[in-house]
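S.K.: My questions will all concern the structure given below.
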Amino acid sequence: EMMRGKRENFFSREKKFSLSPRAPLTLSRKAKKLFYLLLPTFVGNRAYIKTNLYIRDFFMDIAVIDYVMGNLRSVGKALEYAGAKVEFITQPEKLNDFPCAMLPGVGSFGDGMNNLRARGFVDPILDFINSGRKMMGICLGMQMMLNSSEESPGVAGLGIFNAGAVKFDPEQGKVPQIGWNTVELEKNPVTEGMPDEIDVYFVHSFYAPFDTPGRAGVCRYQQPFSAILCGNNCFATQFHPEKSQNAGIALLKNFLRWAKENTK
């Protein structure tokens, strides 16, 4: 009985070292690169997404821009789970202290851009990107990276991607699009190694047209539109990675890795 009790205790302790979010595996840098290179070959891309969640490391410090228009708490928690050290910044000059940044957003295009301008963020954001550092936009953050939006005529966006946001047609279906939908990934450095399609969570009434320069992922709702943009040192998603479970966390991890490996 004593031996059996010891054996049971040993196996119960051993469970603590299983691959779970509570017990992340750590690898050396060289081992990690080899692991990510070979893993899709042996287990398939969908299994790669799930396993990728358990290889946790602090890749980068990241600034999340707080201009009073984002769901900052959920974005911050998702980034921390993906391996980032997060700081919410309200002062534009603090952007210079970080190697990468995120522009989240919930609300209207006009309010978002007005808030960025009122807080002095527009020029520092553009300077940050032009310096070679990486920035990610989410939802409204992605739309503000465009030139303009039908939602707020006459309000200029950041102009990082040369297109304007368009509104879904209420006569063709429910507006806004709310819920899960499939995104077909196109070749880009951030989604490398991921499956050809991922299921992610959307909440939006406006979208970037299908032919937007920098398109890196396509979703279909009423018609095909650009759900992911990548270019000019920016990566942006119309959907919410922080609400998209495994695929969303894997995407955030890939952005952090891309930022770390390519920041000048």
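The values are calculated or read from the model by the stated rules, or taken from the named source; none is laboratory data. If you're wondering where the values come from, they're calculated on a predicted model, not measured in any experiment. Here the Cβ is made from the backbone with ideal geometry for all residues, glycine too, and neighbour counts use every protein chain on show.
S.K.: Can you say whether Phe121 is crowded, with 18+ Cβ neighbours inside 10 Å, in contact (Cβ under 8 Å) with a residue 12 or more places away in the chain and under 26 Å from Ile178 (Cβ atoms), as far as the supplied structure shows?
M.R.: Details: crowded, with 18+ Cβ neighbours inside 10 Å: yes; in contact (Cβ under 8 Å) with a residue 12 or more places away in the chain: yes; under 26 Å from Ile178 (Cβ atoms): no.
Taking the combined requirement at face value, the residue does not satisfy it.
S.K.: Please find, within the stretch 106-126, the residue that is farthest from the chain's Cα centre (by Cα) out of those that are at negative phi, part of a loop (DSSP other than H, G, I, E, B) and of a type outside the set (S, T, N, Q).
M.R.: Within the stretch 106-126, the first condition is being at negative phi, and the residues that meet it are 106, 108-119, 121-126.
Right, trim to part of a loop (DSSP other than H, G, I, E, B) and you get 106, 108, 119, 121.
From what is left, the residues that are of a type outside the set (S, T, N, Q) are 106, 119, 121.
Details: Val106: 15, Arg119: 24, Phe121: 20 Å.
Ranking the candidates gives Arg119 first.
S.K.: Look through the stretch 58-73, keep the residues that are aromatic (Phe, Trp, Tyr) and in contact with a Leu (Cβ under 8 Å, 6 or more places away or on another chain), and return whichever of them is surrounded by the fewest Cβ atoms within 10 Å (Cβ to Cβ).
M.R.: Filtering the stretch 58-73 for residues aromatic (Phe, Trp, Tyr) gives 58-59, 67.
Of the ones still in play, those that are also in contact with a Leu (Cβ under 8 Å, 6 or more places away or on another chain) are 59, 67.
Values: Phe59: 20, Tyr67: 24.
Looking at residues that are aromatic (Phe, Trp, Tyr) and in contact with a Leu (Cβ under 8 Å, 6 or more places away or on another chain), I get Phe59.
S.K.: Moving to a separate point now. With respect to Glu192, determine if the residue is surrounded by fewer than 19 Cβ atoms within 10 Å (Cβ to Cβ), outside any strand (DSSP E or B) and either among the hydrophobic types (A, V, I, L, M, F, W, C) or touching a residue at least 60 places away in the same chain (Cβ under 8 Å) (or both).
M.R.: Numbers: surrounded by fewer than 19 Cβ atoms within 10 Å (Cβ to Cβ): yes; outside any strand (DSSP E or B): yes; either among the hydrophobic types (A, V, I, L, M, F, W, C) or touching a residue at least 60 places away in the same chain (Cβ under 8 Å) (or both): yes.
Answer is yes for this residue.
S.K.: With respect to Met135, is the statement that it is in contact with a Cys (Cβ under 6 Å, 6 or more places away or on another chain), in contact (Cβ under 8 Å) with a residue 24 or more places away in the chain and within 19 Å of His240 (Cα to Cα) true?
M.R.: Details: in contact with a Cys (Cβ under 6 Å, 6 or more places away or on another chain): yes; in contact (Cβ under 8 Å) with a residue 24 or more places away in the chain: yes; within 19 Å of His240 (Cα to Cα): yes.
For Met135, the condition - in contact with a Cys (Cβ under 6 Å, 6 or more places away or on another chain), in contact (Cβ under 8 Å) with a residue 24 or more places away in the chain and within 19 Å of His240 (Cα to Cα) - is met.
S.K.: Working only within the stretch 224-256, note down all residues that are surrounded by fewer than 22 Cβ atoms within 10 Å (Cβ to Cβ) and among the charged types (D, E, K, R).
M.R.: Hit for the stretch 224-256 is Lys243, nothing else.
S.K.: Residues Pro124, Pro176: which one is within 22 Å of Asp61 (Cα to Cα), at pLDDT 95 or above and not hydrophobic (A, V, I, L, M, F, W, C)? Give the steps one after another, and end with the answer.
M.R.: On the way: Pro176 fails: within 22 Å of Asp61 (Cα to Cα).
So the residue among Pro124, Pro176 that is within 22 Å of Asp61 (Cα to Cα), at pLDDT 95 or above and not hydrophobic (A, V, I, L, M, F, W, C) is Pro124.
S.K.: Still on this structure, please answer the following. Is the stretch 203-214 home to any residue that is outside any strand (DSSP E or B), modelled with pLDDT under 95 and over 18 Å from Gly110 (Cα atoms)?
M.R.: Initially, the stretch 203-214 is screened for residues outside any strand (DSSP E or B), giving 205, 210-214.
With modelled with pLDDT under 95 added as a condition, the list becomes none.
Checking the stretch 203-214: not a single residue is outside any strand (DSSP E or B), modelled with pLDDT under 95 and over 18 Å from Gly110 (Cα atoms).
S.K.: Can you find even one residue in the stretch 226-244 that is over 13 Å from the mean Cα position of the chain (by Cα) and either within 22 Å of Ser152 (Cα to Cα) or assigned to a strand (DSSP E or B) (or both)? Can you show your working first?
M.R.: Kept after step one, since they are over 13 Å from the mean Cα position of the chain (by Cα), are these residues of the stretch 226-244: 226, 231-233.
Narrowing further to those that are either within 22 Å of Ser152 (Cα to Cα) or assigned to a strand (DSSP E or B) (or both): 226, 231.
Yes: the stretch 226-244 contains one or more residues that are over 13 Å from the mean Cα position of the chain (by Cα) and either within 22 Å of Ser152 (Cα to Cα) or assigned to a strand (DSSP E or B) (or both).
S.K.: Take the stretch 171-186 and flag every residue that is of a type in the set (Asp, Glu) and either surrounded by 11 or more Cβ atoms within 10 Å (Cβ to Cβ) or touching a residue at least 60 places away in the same chain (Cβ under 8 Å) (or both). Spell out the reasoning first.
M.R.: First, pick out the residues of the stretch 171-186 that are of a type in the set (Asp, Glu): 171, 184, 186.
Matches in the stretch 171-186: Glu184, Glu186.
S.K.: I've got another one for you. Step by step: first the residues of the stretch 74-105, then only those that are assigned to a helix (DSSP H, G or I) and of a type in the set (Lys, Arg), then the one that is surrounded by the most Cβ atoms within 10 Å (Cβ to Cβ). Which residue is that?
M.R.: Here is the first cut: in the stretch 74-105, the ones assigned to a helix (DSSP H, G or I) are 74-82, 92-97.
From what is left, the residues that are of a type in the set (Lys, Arg) are 77, 94.
Details: Lys77: 12, Lys94: 15.
In this case the residue turns out to be Lys94.
S.K.: On to the next question. Between Met136, Met142, which is assigned to a strand (DSSP E or B), at pLDDT 95 or above and touching a Leu at 6+ places or on another chain (Cβ under 8 Å)?
M.R.: One residue alone meets the criteria, Met136.
S.K.: Looking for whichever is aliphatic (A, V, I, L, M), closer than 28 Å to His204 by Cβ and at pLDDT below 95 here; the options are Val68, Val86. Which one fits? If you could, list the steps in order and put the result at the bottom.
M.R.: Details: Val86 fails: at pLDDT below 95.
Of the residues listed, the single one that is aliphatic (A, V, I, L, M), closer than 28 Å to His204 by Cβ and at pLDDT below 95 is Val68.
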